[in-house]
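The numbers here are math on the coordinates, done by the rules we state, and not lab data. Keep in mind that this is a model prediction, so the values were computed, not measured. Please note: Cβ atoms are built from the backbone with ideal geometry, for glycine as well, and neighbour counts cover all protein chains shown.
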Amino acid sequence: MLVWAAFVTSLLGVAVAAPQVKLGKTTLIGRDITLLGLDFFGGIPFAEPPLGQLRLKPPVLKTHLNGSTFDASDFGKGCLQPGGDVTTFSEDCLTINVYRPRDTPANVKLPVLFWTYGGGFQAGQSSIYNGSAIVAQSVARGTPVIYVSFNYRLGPLGFPQGQESETRSALNLALKDQLAALEWVQANIGTFGGDKKKVTIFGQSAGAVMTAVLFLNSPIEKLARAAIFESGSAATPVELTAAQRQTDWQNFVAGVPSCASLATSRNTYDCLKKANSSDIRLGLLNGIAKADELFAFVPTIDGPRGLLPGLVSQSYARGRFARLPFIAGTNLDEGTIFTSTTGLTEDALRAKIIASLSPPLVSFAVLKNTANELLELYPDDPALGSPFNTGNETFGLPSGFKRESALMGDIGFVSQWRSWIQTASRAGVKTFGYLFTQPQPFRAPEEGVCHSCEVLYVFGAPRDRSASSLRLSSLMIDYWVSFATSLDPNDGRGNPRPNWPQYTPANKVLIQLNGDNTTVIPDDFRKEQIDYINSNPTVFHHRRALYARRNQY
């Protein structure tokens, strides 16, 4: 991603005539991307800076700017997160970016692809992801689109936890940032030549989770017409109330030097709103580092009127979700980069499973029985583990690594993807599923086709520059753009490619995304295991995270 970001910078640096757009009374001065025939406008505030009294509050939408001109030639800073400091990241980070075909007339009404990045809800920024290859290919295939990305608040600033946050209704702020960015698109994308009625939200990992949560109890149907979920569903994170993560909030406050003495007081907000950003950053780092979960600052249950009303499985059972068409899929080896290389004995894994399923809504006897049944369904046989299709190879690691990787990938990602797509398709929603299986020669072999491996393919920049890899990247852009423009990945434009059938209750099939074998496959892999996980939502949807590699998302 860093290499690609450098390439982005080089492209943006090739300027000829700066494009301009009138936003209200303000002229935005963007950047010409000459090599690709595109315009770029970046760093545009879509909300007031969430500082001072606006810190830890929902975003205040900002659809117009002050001043006669605004320099939109570069991205804004990312939100506070681990790494860097307050000069490289900022709390004043709620900005939005637009790539479009060069000199697109206002009100030409091009479809819009709206990107939400991943990063475990505690890292990431829009500047890492360059939408120019997507837009350029959309033009070349005769179906031009506009690409939009934005920043949202991260960690405890985006997902406050604890009883005080719950009492103050200061929950799921990053989800509200996402909604505000979509509202900005509704108000302003026509000025750039976009069609506010043809917005497709797409995102990966945390970005897919956030989008999926918005399908439960938000005005998403007024803000978008379709979605693409890459490796993330609404029930992928641990579903808890904010009060159940009280310790995580206390760790955050304890790390803010000027407020540390109030960490256990449940009266921290007044102090936090007065703290400077350097102190807030120290608290963010402390809260993330001391969490007993890999990802503790995540979407939280916020009640019947909230964005995440209760257990996701309950919303599905009641049919309470948006009926927008979508593409959704996973990668072959979702669990590998999150699995520890230690503590892999059967007894250790059993103890981790039992601990991970707490706090439970069921008895300890049920938890113990669940752990034993899972261990039977996922035996300690390297040939059955993840990375899948690698036989008895253990890559110099204990055999339990492949066992736990398979278990973790299925619990957190594959089972929740299958639950979502099957629930929606039964309700008559137009859905398409995929499994990404492209080999990754530049990754460690034990990671296989890991979580996040597909992202660079969607953005036209796979590290592997082989013919197979480049072919798949181009095919994926065609599928994604086709869906955004026609609500069907099979528009017949661009590269010749296999027909991608709709996923239905009577035809549960996927497209396998592989440069050497893109083909339709049945959705029946590990059916017994995943059916078991999905038959026990009360148990599994309250799991604590087992994942151990804190430096990867």
Rounded if a/c is under 1.5, else prolate if a/b is larger than b/c, else oblate: which is the stretch 326-540, with a ≥ b ≥ c the root eigenvalues of its Cα gyration tensor? oblate
Quick check on the exposure proxy: order Thr268, Thr143, Thr191 from fewest to most C-beta atoms within 10 angstrom. Thr191, Thr143, Thr268
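Taking K and R as +1 and D and E as -1, what net charge do the other residues with C-beta under 10 Å from the C-beta of Ala383 add up to?
-1
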Unit charges on C-beta of K, R, D, E only; dipole of the stretch 326-540, Debye: 540 debye
Lysines whose Cα lies under 29 Å from that of Lys368, excluding same-chain neighbours fewer than 8 positions away: Lys290, Lys352, Lys402, Lys527
Along the charge dipole of the chain, Cβ charges K/R +1 and D/E -1, which of Asn97, Gly193, Gly124 sits furthest on the positive end? Gly193
Counting DSSP beta bridges in the chain, what percent are antiparallel, to the nearest 5? 40 percent
If you take every residue apart from Ser90 with its C-beta less than 13 Å away from the C-beta of Ser90, what net charge results, scoring Lys and Arg +1 and Asp and Glu -1? +1
What dipole magnitude, in Debye to the nearest 20, does the stretch 362-413 give about its Cα centre under +1 on Lys/Arg Cβ and -1 on Asp/Glu Cβ? 120 debye
Which of Gly67, Thr211, Gln246, positive extreme of dipole for the stretch 2-317 (C-beta unit charges): Gly67
Antiparallel as a % of all DSSP beta bridges within the stretch 2-317, to the nearest 5? 45 percent
Net dipole in debye of the chain [+1 Lys, Arg Cβ; -1 Asp, Glu Cβ; about Cα centre; nearest 20]: 1480 debye
Links exceeding 23 Å between C-alpha atoms in this model, out of Lys22/Lys57; Lys176/Lys198; Lys176/Lys430; Lys22/Lys109; Lys22/Lys62, come to Lys22/Lys57; Lys176/Lys430
Cα centroid separation, the stretch 308-348 to the stretch 423-468 (Å): 16 Å
Mean ellipticity per residue at 222 nm, deg cm²/dmol - from DSSP H runs of n ≥ 4 across the chain, formula -39500 (n - 2.57): -9500 deg cm²/dmol
May I ask you to sort Ser363, Ser486, Ser233 by Cβ crowding, counting other Cβ atoms within 10 Å and putting the fewest first? Ser363, Ser486, Ser233
Return the percentage of antiparallel bridges among DSSP beta bridges fully within the stretch 326-540, rounded to the nearest 5 %. 35 percent
The cysteines in the chain that find no other cysteine Cβ closer than 4.7 Å to their own Cβ are Cys450, Cys453
Arrange the following residues from fewest to most other Cβ atoms within 10 Å of their Cβ: Tyr269, Tyr152. Tyr269, Tyr152
Among (i) 34, 30, 21; (ii) 39, 27, 22; (iii) 33, 29, 27, only one was calculated for this model; which label is it, if the read-out is semi-axes √(5λ) of the Cα gyration tensor in Å? (i)
Taking K and R as +1 and D and E as -1, what net charge do the other residues with C-beta under 15 Å from the C-beta of Phe192 add up to? +4
